[in-house]
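What follows is a single structure, written as structure tokens, with notes after it.
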Amino acid sequence: MIFLTGCNQYSEKNVIKDISKKVTKAKGYKLSGELEITNNDEVYNYDIEVSYKKDNYYKVSLTNKANDHTQVILKNDSGVYILTPSLNKSFKFQSDWPYSNSQIYLLEALVNDINNDKERSFEALDNGYTINTKVNYPNNLNLINQKITLDKKLNFKNVKVYNNNKVICMDMNFKDIDFSPTFKKNYFELDTVMRTYSVESQEVKETSGIEESIYPLLIPSGTKLANEERMKKDSGERIIMTFEGDKPFLLVEETANIEEEFTIIPTYGEPYRLMDTLGVMTDNSLSWTSNGIEYYIVSDVLSTDELVEIAQSINVLPTMK
């Protein structure tokens, strides 16, 4: 990197040029950090580890600090996966993730946001630099902009994402970034990743039932619960709630089961980070697993934003039996 003579700071042009070059020319990187997500009064904290190898190989592990539950987003030549090792299963996508929207913990996504925003703002500080840009989260239009903080050596230190009320919704602190990592031959293969995060390494207890139904706190106006059906599965229980009215939808809650053999579930959609877990978003549905319960919302009339709002309002922990 070339420092400007006669001062101790880069210009905006040189900062952006050099961090872009540093990231795009890298053959790979490994980073670790901490992510805090705020949803109304709920706060979720994750330990994040990212591995990237040029030619579209990614492994992102997110560990929920509250329950030590880990999920992994994996991208390799076979596709994109969301792995839930504690349940011994994975969803497989044919997806362009992570290129379809902003990604707070991926360096090249942050650089793209910077370069794509011609109205960005830049500030030189005593201990580094900040760059404010727009963000692109198609399934959460409340997220408007982000503030990226770099130190004097142009290392990424922090990213804050704000909503339209200027409230911080996501806060990513970068701890370590290695631009010269080495990866073993099978590092990004599905079986290797599953062995790394084996079921034995995570204490998960199956539950036989759901003592109380868990209702969304937010229901669209003109819509109400019309029917609720509880049924037994081969292992556990399932509850099906039918909401009717102006904006009808179906909500299914069922006990999650650990698969005896590793199971891959092909799916149409995109990985979606929802509160304390990773889920699957399609044009008309949202599914996720949290605290031993699998949830599925589907509607022919609700937008993806409305699906997310309903899902985020299901925040009451169930009593298991």
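Arg195: basic (Lys, Arg), surrounded by 15 or more Cβ atoms within 10 Å (Cβ to Cβ) and modelled with pLDDT under 90, yes or no?
Working: basic (Lys, Arg): yes; surrounded by 15 or more Cβ atoms within 10 Å (Cβ to Cβ): no; modelled with pLDDT under 90: yes.
It is false that Arg195 is basic (Lys, Arg), surrounded by 15 or more Cβ atoms within 10 Å (Cβ to Cβ) and modelled with pLDDT under 90.
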Original post:
Counting just the residues of the stretch 157-179 that are free of Cβ contacts under 8 Å to residues at least 60 places away in the same chain and out of contact with any Cys (no Cβ under 8 Å at 6 or more places or on another chain), which one comes out nearest to Ile19 (Cα to Cα)?
Top reply: Lys157
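Being of a type in the set (A, V, I, L, M), farther than 23 Å from Asn140 by Cβ and in contact with a strand residue (DSSP E or B) (Cβ under 7 Å, 6 or more places away or on another chain) narrows it down to one of Met275, Met231, Met281, so name that one.
Values: Met275 fails: farther than 23 Å from Asn140 by Cβ; Met281 fails: farther than 23 Å from Asn140 by Cβ.
Exactly one of Met275, Met231, Met281 is of a type in the set (A, V, I, L, M), farther than 23 Å from Asn140 by Cβ and in contact with a strand residue (DSSP E or B) (Cβ under 7 Å, 6 or more places away or on another chain), namely Met231.
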**OP:** Determine the pairs where a residue that is among the acidic types (Asp, Glu), located within the stretch 239-259, has a partner that is exposed (fewer than 15 other Cβ atoms within 10 Å of the Cβ) with Cβ atoms under 6 Å apart, the partner being 6 or more residues away or on another chain.
**Re:** Glu244/Ala226; Asp246/Gly222
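So, in the stretch 162-184, how many residues would count as being on the phi > 0 side of the Ramachandran plot and not in a loop (DSSP other than H, G, I, E, B)? It would help to see each step written out before you state the result.
Our first condition is that a residue be on the phi > 0 side of the Ramachandran plot; within the stretch 162-184, this holds for 166.
If we keep only those that are not in a loop (DSSP other than H, G, I, E, B) as well, we get none.
Summing the residues that are on the phi > 0 side of the Ramachandran plot and not in a loop (DSSP other than H, G, I, E, B) in the stretch 162-184 gives 0.
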Original post:
How many of the residues making up the stretch 34-68 are more than 14 Å from the chain's Cα centre (by Cα) and of a type outside the set (Lys, Arg)?
Top reply: 12
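When you scan the stretch 213-229, do you find a residue that is in a loop (DSSP other than H, G, I, E, B) and charged (D, E, K, R), even just one? Give the steps one after another, and end with the answer.
Taking the stretch 213-229 and keeping what is in a loop (DSSP other than H, G, I, E, B), we get 213-222.
Right, trim to charged (D, E, K, R) and you get none.
No, that holds for no residue.
Can you tell me which residue is farthest from the chain's Cα centre (by Cα) among those in the stretch 124-135 that are part of a loop (DSSP other than H, G, I, E, B) and at pLDDT below 95? Write out each step before concluding.
Within the stretch 124-135, the first condition is being part of a loop (DSSP other than H, G, I, E, B), and the residues that meet it are 126-127, 135.
Narrowing the set further to residues that are at pLDDT below 95 leaves 126-127.
Numbers: Asp126: 33, Asn127: 30 Å.
Across the stretch 124-135, the extreme among qualifying residues is Asp126.
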Original post:
Ile239 passes all but one of (1) farther than 21 Å from Asn139 by Cβ; (2) in a loop (DSSP other than H, G, I, E, B); (3) at pLDDT 85 or above; which number fails?
Top reply: (2)
**OP:** Tell me which residues, restricted to the stretch 279-313, are more than 15 Å from Ile265 (Cβ to Cβ) and among the small types (Gly, Ala, Ser).
**Re:** Ser290, Gly292, Ser299, Ser303, Ala311, Ser313
Original post:
What number of residues in the stretch 290-308 are surrounded by fewer than 19 Cβ atoms within 10 Å (Cβ to Cβ) and modelled with pLDDT under 90?
Top reply: 2
Subject >> Filtered residue count, the stretch 108-126, keeping only those that are closer than 14 Å to Leu150 by Cβ and of a type in the set (D, E, K, R) >> reply: 4
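The values are calculated or read from the model by the stated rules, or taken from the named source; none is laboratory data. Here the structure is a predicted model, which means the values were calculated and not measured. Please note: Cβ atoms are built from the backbone with ideal geometry, for glycine as well, and neighbour counts cover all protein chains shown.
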